[in-house]
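Please read the structure below before turning to the comments.
The values are calculated or read from the model by the stated rules, or taken from the named source; none is laboratory data. None of the values given here were measured: they were computed from a predicted structure. Here the Cβ is made from the backbone with ideal geometry for all residues, glycine too, and neighbour counts use every protein chain on show.
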Number of protein chains: 2
Amino acid sequence: MFYEGKAQRGLDMKDITNLAWFAHVVEHGSFSAAARTLRVPKSTLSRRIADLEEELGVRLLNRTTRKLYLTDVGREFLVHCQTVVAAAEAAEQVTHFVQEKPRGKVRISSPYAISQSLLVSIMPGFLKRYPDVQIDLVMTNKPVNLIEEQVDIALRVRPTIEDSSLIARDLVPSASALFTSPEFLQTHGVPEHPLDLSDWPSLSMHYSSGRYQWSFTAQHGESITMNYQPRLITDDLWVLREAAAEHQGVVSLPVYLCREYIDQGRLVRVLPSWRLPVGKLHMVYPYRRGLLPAVRVLIDYLVECMPSAAGVAGLATDSDA
Amino acid sequence: MFYEGKAQRGLDMKDITNLAWFAHVVEHGSFSAAARTLRVPKSTLSRRIADLEEELGVRLLNRTTRKLYLTDVGREFLVHCQTVVAAAEAAEQVTHFVQEKPRGKVRISSPYAISQSLLVSIMPGFLKRYPDVQIDLVMTNKPVNLIEEQVDIALRVRPTIEDSSLIARDLVPSASALFTSPEFLQTHGVPEHPLDLSDWPSLSMHYSSGRYQWSFTAQHGESITMNYQPRLITDDLWVLREAAAEHQGVVSLPVYLCREYIDQGRLVRVLPSWRLPVGKLHMVYPYRRGLLPAVRVLIDYLVECMPSAAGVAGLATDSDA
DNA sequence: AATTACTGTTCCATATTTGGAACAATATTG
DNA sequence: CAATATTGTTCCAAATATGGAACAGTAATT
């Protein structure tokens with residue numbers, strides 16, 4: 001005879017905790033003693049064990065007012081109850097373990113450029129300070145969904161910090177500017193105004209919106225937004241930089257990435273009196289009361305070290321560009 | 001740093017069932033699916049898992065409206081939760097096993113004489129009919145405390161069935177009478193009235209009350225109780241019978257035990273017109289809604305077979321004695 | 001023998017938990 | 001692209017479990 005509803009051997013028991021309590025009662029030799037160590041009223045204990053027996057249809061303990069006697073079934077039953085307790089303790093232990101000190105894996109996502117410039121210089125110090133933490137670095141320029149990608153922390157560069165259900169921590173400003181090669185300027189002339197660039201070949205990162213535009217602001221406050229059609233689109237900023245240096249067109253890049261090329265005379269800044277929006281490098285992570293120590297210390301470490309690391313790299317400064 | 005109160009690594013968890021429910025949620029891939037198979041509202045499931053996470057201070061699952069993602073901790077945690085479920089199922093299985101059909105051990109206590117005469121003739125048939133049942137036969141003439149002696153069924157012979165918290169099932173009447181040897185009567189004369197026995201040597205079973213008395217009833221209704229001081233006290237009825245046959249005195253014995261000796265002329269009945277109280281052979285067992293099949297079938301078997309077995313042994317008949 | 005201390009169970013006003021409906025968010029379908 | 005279906009979470013009246021006190025029974029002590 002088959003019962004469809006019971007095919008996957010479901011547990012009839014209403015409350016598995018009763019098994020643990022039963023084991024405690026047996027191990028302490030009495031309801032009262034068990035109740036004291038469990039810090040549960042003995043009336044509750046008595047009722048729950050009685051309920052359990054009724055539920056199972058079997059007597060587990062025979063009781064005198066002074067002594068308990070395990071039935072044969074109770075004795076066999078007990079072994080499995082003790083396994084339940086041990087497994088529950090092991091489960092709890094897992095959670096204690098990762099909360100005791102920073103340990104375990106932290107997944108952090110970051111745009112390519114940030115990863116390759118800032119993070120690589122910061123990470124070694126972190127990994128040395130927290131030897132039990134593993135970092136899983138996901139590099140992508142696409143906006144990541146923290147939950148779906150199972151990412152603990154995401155680094156982002158945006159003109160403004162969007163509010164969402166995530167916690168955002170500001171790190172450092174990240175200035176961008178238009179660059180091209182000196183030779184390119186010799187060919188096309190030096191632009192005085194954004195509109196002078198309207199027909200110039202351009203390069204860009206990929207934007208999934210499909211809208212390619214520069215938003216300029218003059219020092220005296222005037223601002224203008226112009227669309228452009230890039231001839232080369234790639235998320236690899238190193239490629240963009242190289243292409244610009246090889247006279248392929250104008251490109252918007254983080255200032256700090258171009259400092260070396262400028263010193264070498266391979267790139268020059270275009271329209272230096274017009275500013276592009278200064279992006280904010282920040283990180284986001286889901287709010288959780290129980291943020292794991294490993295994640296917490298990485299957050300703290302980034303907040304602590306990012307400004308100086310960015311300073312060394314000249315992230316925010318565009319004074320001499 | 002030590003916490004006295006936590007020395008015996010108590011479980012912080014309030015409800016172990018949550019571990020099983022967490023495992024179900026993961027295994028079914030969603031709260032809704034798990035709620036359906038567990039037949040629990042999803043609101044309850046959602047709240048309980050959230051409570052569990054709060055209790056542990058750790059995130060186990062990251063949730064989208066459409067998909068669940070185990071955290072690293074959750075993944076390790078899960079293994080132990082599955083162990084909890086398996087152990088709980090095993091525990092439950094133990095109780096199902098003994099309820100499925102008659103199996104396991106049954107402890108029955110019985111007075112020596114009953115054991116040696118009636119039970120030995122009944123047991124083989126029972127053991128054959130129920131091959132998975134083991135019988136643990138405790139022979140004693142002392143009154144047993146069913147719980148302390150861990151006895152499932154006790155056979156007793158008493159003048160009347162005492163009421164107690166136990167269930168009593170009447171089996172057969174068990175008549176006793178006074179016996180002695182023909183030679184003894186020749187020496188002491190044939191008594192006509194109980195008082196004629198006042199100085200006669202007597203034999204008896206042990207009574208822990210210390211009160212040794214015979215209660216006679218005449219056929220016409222007269223009754224008399226007389227005390228006596230036994231010269232031999234033993235619980236071994238075979239010894240008493242032998243002692244009486246060897247002219248040591250008068251003894252009260254179950255009629256059926258003496259039939260053979262009477263036929264052989266080794267014993268005769270004393271005061272045949274006076275009756276001793278007819279004892280009731282009955283059994284007692286604790287009331288339990290969930291009496292195990294093994295115990296139940298032994299009870300039923302005794303009720304079924306005892307009368308005929310007693311008939312063969314002539315337990316109740318004293319017509320020819 | 002009487003007293004004391006402790007057992008497991010029962011009782012019932014109180015505190016907690018439950019679960020159906022409403023909700024916000026996301027896939028799937030028409 | 002709107003409509004539908006299904007997800008996990010929240011809310012709060014209603015159902016349930018709790019736990020201190022009273023109880024009945026037993027062992028040790030006086």
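Enumerate the pairs (first residue in region A:10-39 and within 12 Å of B:D15 (Cβ to Cβ) and at the interface with chain B (Cβ under 9 Å from one of its Cβ atoms); second residue anywhere and near DNA strand C (Cβ under 9 Å from one of its atoms) and of a type outside the set (S, T, N, Q)) with beta-carbon separation below 6 Å, excluding pairs fewer than 6 apart on the same chain, so at least 6 apart or on different chains.
Matching pairs, first to second residue: A:T17/B:D15.
Yes/no per residue for (1) in the same structural domain as A:P182 (by TED's automatic domain parsing); (2) over 13 Å from A:T180 (Cβ atoms); (3) at pLDDT 95 or above; (4) not in a strand (DSSP E or B):
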position: A:G221; (1), (2), (3), (4): yes, yes, no, yes
position: A:M226; (1), (2), (3), (4): yes, yes, no, no
position: A:Q229; (1), (2), (3), (4): yes, yes, no, yes
position: A:V239; (1), (2), (3), (4): yes, yes, no, yes
position: A:A244; (1), (2), (3), (4): yes, no, yes, yes
position: A:L253; (1), (2), (3), (4): yes, no, no, no
position: A:R259; (1), (2), (3), (4): yes, yes, no, yes
position: A:G290; (1), (2), (3), (4): no, yes, no, yes
position: A:A294; (1), (2), (3), (4): no, yes, yes, yes
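Residues of region A:242-258 being surrounded by fewer than 18 Cβ atoms within 10 Å (Cβ to Cβ) and in contact (Cβ under 8 Å) with a residue 60 or more places away in the chain, which ones?
A:E246, A:H247 - these are the residues of region A:242-258 that are surrounded by fewer than 18 Cβ atoms within 10 Å (Cβ to Cβ) and in contact (Cβ under 8 Å) with a residue 60 or more places away in the chain.
Answer yes if at least one residue in region A:175-190 is surrounded by 15 or more Cβ atoms within 10 Å (Cβ to Cβ), over 20 Å from the mean Cα position of the chain (by Cα) and free of Cβ contacts under 8 Å to residues at least 40 places away in the same chain, and no otherwise.
yes
Would you pick out the residues in region A:150-168 that are among the charged types (D, E, K, R) and either buried (at least 16 other Cβ atoms within 10 Å of the Cβ) or within 30 Å of A:E242 (Cα to Cα) (or both)? Before you say what the answer is, go through the steps one by one.
Of the residues in region A:150-168, the ones among the charged types (D, E, K, R) are A:152, A:156, A:158, A:162-163.
Selection gives A:D152, A:R156, A:R158.
Answer yes or no as to whether B:V98 is crowded, with 19+ Cβ neighbours inside 10 Å, under 25 Å from A:R75 (Cβ atoms), out of contact with any strand residue (DSSP E or B) (no Cβ under 9 Å at 6 or more places or on another chain) and at the interface with chain A (Cβ under 7 Å from one of its Cβ atoms). Give the steps one after another, and end with the answer.
Numbers: crowded, with 19+ Cβ neighbours inside 10 Å: yes; under 25 Å from A:R75 (Cβ atoms): yes; out of contact with any strand residue (DSSP E or B) (no Cβ under 9 Å at 6 or more places or on another chain): no; at the interface with chain A (Cβ under 7 Å from one of its Cβ atoms): yes.
In short, no.
Does at least one position in region A:164-173 carry a residue that is part of a loop (DSSP other than H, G, I, E, B), in the same structural domain as A:R288 (by TED's automatic domain parsing) and in contact (Cβ under 8 Å) with a residue 60 or more places away in the chain?
Keep residues of region A:164-173 that are part of a loop (DSSP other than H, G, I, E, B), which gives A:164-165.
Filter again for in the same structural domain as A:R288 (by TED's automatic domain parsing), leaving A:164-165.
Next, only the ones that are in contact (Cβ under 8 Å) with a residue 60 or more places away in the chain stay: A:164-165.
So far as region A:164-173 goes, yes, one or more of its residues are part of a loop (DSSP other than H, G, I, E, B), in the same structural domain as A:R288 (by TED's automatic domain parsing) and in contact (Cβ under 8 Å) with a residue 60 or more places away in the chain.
All but one of (1) buried (at least 18 other Cβ atoms within 10 Å of the Cβ); (2) within 11 Å of chain B (Cβ to nearest Cβ); (3) out of contact with any His (no Cβ under 8 Å at 6 or more places or on another chain) hold for A:A113; which doesn't?
A:A113 satisfies every listed condition except (2).
Would you be able to tell me the number of residues in region B:50-69 that are within 8 Å of chain A (Cβ to nearest Cβ) and either out of contact with any Phe, Trp or Tyr (no Cβ under 6 Å at 6 or more places or on another chain) or loosely packed, with under 14 Cβ neighbours inside 10 Å (or both)?
First, the residues of region B:50-69 that are within 8 Å of chain A (Cβ to nearest Cβ): B:53-54, B:56-59, B:62-64, B:67, B:69.
Remaining after also requiring either out of contact with any Phe, Trp or Tyr (no Cβ under 6 Å at 6 or more places or on another chain) or loosely packed, with under 14 Cβ neighbours inside 10 Å (or both): B:53-54, B:56-59, B:63-64, B:67, B:69.
Qualifying residue count, region B:50-69: 10.
List the strands (runs of 3 or more DSSP E) that sit entirely inside region B:29-144 and contain at least 1 residues that are within 14 Å of DNA strand D (Cβ to nearest atom), aliphatic (A, V, I, L, M) and not assigned by TED's automatic domain parsing to the domain that holds B:L155. Give the steps one after another, and end with the answer.
On the way: elements: B:61-63, B:68-70, B:104-110, B:133-139.
Result: B:61-63, B:68-70.
Is it the case that region B:9-22 has a residue that's crowded, with 17+ Cβ neighbours inside 10 Å, more than 11 Å from DNA strand D (Cβ to nearest atom) and more than 47 Å from the chain's Cα centre (by Cα)?
Within region B:9-22, not a single residue is crowded, with 17+ Cβ neighbours inside 10 Å, more than 11 Å from DNA strand D (Cβ to nearest atom) and more than 47 Å from the chain's Cα centre (by Cα).
Kindly evaluate B:F77 against the criterion of being under 27 Å from A:T83 (Cβ atoms), within 14 Å of chain A (Cβ to nearest Cβ), among the aromatic types (F, W, Y) and out of contact with any helix residue (DSSP H, G or I) (no Cβ under 6 Å at 6 or more places or on another chain).
On the way: under 27 Å from A:T83 (Cβ atoms): yes; within 14 Å of chain A (Cβ to nearest Cβ): yes; among the aromatic types (F, W, Y): yes; out of contact with any helix residue (DSSP H, G or I) (no Cβ under 6 Å at 6 or more places or on another chain): no.
No: the conditions fail for B:F77.
So the check is Cβ under 6 Å with 6+ separation or different chains; which pairs have a first residue in region B:54-67 that's closer than 12 Å to A:V94 by Cβ and away from DNA strand C (no atom under 11 Å from the Cβ) and a second one that's of a type in the set (A, V, I, L, M) and not in a loop (DSSP other than H, G, I, E, B)?
B:V58/B:V73
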